[in-house]
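Here's the structure, in structure tokens; my notes come after.
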Amino acid sequence: LYEGRGPFPGEDEPVWAPFDKRLAESRIALLTSAGIYLKHSQPSFDLEREQTNPDWGDPTWRAIPAAAPASDIGVAHLHINDEDLLADPEIVLPMHLLDALAKEDVIASAAPEHISVMGYQERTLRDWRDSTAPELVDHLRDQVADGLILAPA
């Protein structure tokens, strides 16, 4: 439901996928829509194009290593206040909490890398359907992730 414009045709109901594996046996990855990236080694999300075309959002994604320190995190998103996220990236990417769940045997393990995207996207999601989603699935398979938790911004 994009800015109150309603669902796309054929998407009136939520899509549910079965999760047959027990959490305690599963490797879990996180996906944040906060537009975070590693400021010293990854490009920022494209805010310049979004400023000139407000209905567009950068459809690319960034892999965030689970061991990335907060000091390495940058934020590129025009629709959220980044001050709190820079002070504590766990707000939008709770990697330490996921590690704690692994130590408590709630999950088997956290994926070695998590995913960051820019949550504000153009309405048709064409680039997402054609490129981004298949790339994310391939990356999650490479990480041997059994599940993905969305951590929206």
(request) Apply 1/(1 + (r/R0)^6) to the Cβ-Cβ distance of Arg49 and Asp105, taking R0 = 35 Å, and write down the FRET efficiency to the nearest 0.05. (result) 0.20
(message) Given an 8 Å cut-off on Cα distances and at least 6 residues of separation, report the relative contact order of region 53-153 as a percent.
(response) 42
(message) At 1.4 Å probe size, with the rest of the protein present, what percent of the exposed accessible area of region 21-71 is carbon and sulfur atoms?
(response) 53
(message) Just to confirm my numbers, what's the Cα centroid distance between region 134-153 and region 89-117 in Å?
(response) 12
(request) Would you kindly state how much longer the chain becomes between Thr124 and His79 on full extension, computed as 0.36 nm times their sequence separation minus their alpha carbon distance, in nm to one decimal? (result) 14.3 nm
(message) How high is the relative contact order of region 1-104? Use alpha-carbon pairs under 8 Å, at least six apart in sequence, and give a whole percent.
(response) 26
(message) Is there a quick way to get the dipole size of the chain? I mean about its Cα centre, with the Cβ of Lys and Arg at +1 and of Asp and Glu at -1; what is the value in debye to the nearest 20?
(response) 240
(message) Explain nothing, just the number: dipole magnitude of region 45-119 about its Cα centre with +1 on each Lys and Arg Cβ and -1 on each Asp and Glu Cβ, in debye rounded to the nearest 20.
(response) 200
(message) Rounded to two decimals, what is the ratio between the C-alpha radius of gyration of the chain and 2.2 N^0.38 Å?
(response) 1.07
(request) Could you state the accessible area per residue of region 5-46 in Å², with a 1.4 Å probe and every protein chain left in place? (result) 70
(request) Evaluate E = 1/(1 + (r/R0)^6) for His96 and Trp16, where r is the Cβ-Cβ distance and R0 equals 22 Å; express this FRET efficiency to the nearest 0.05. (result) 0.15
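The values are calculated or read from the model by the stated rules, or taken from the named source; none is laboratory data. All values reported here derive from a predicted model rather than from experimental measurement. No Cβ is skipped: glycine too gets one built from the backbone with ideal geometry, and neighbour counts run over all protein chains shown. For the accessible areas, the whole protein counts, side chains as well, though only heavy atoms, and no ligand, DNA or RNA atoms are used. Shrake-Rupley method; radii C 1.70, N 1.55, O 1.52, S 1.80 Å.
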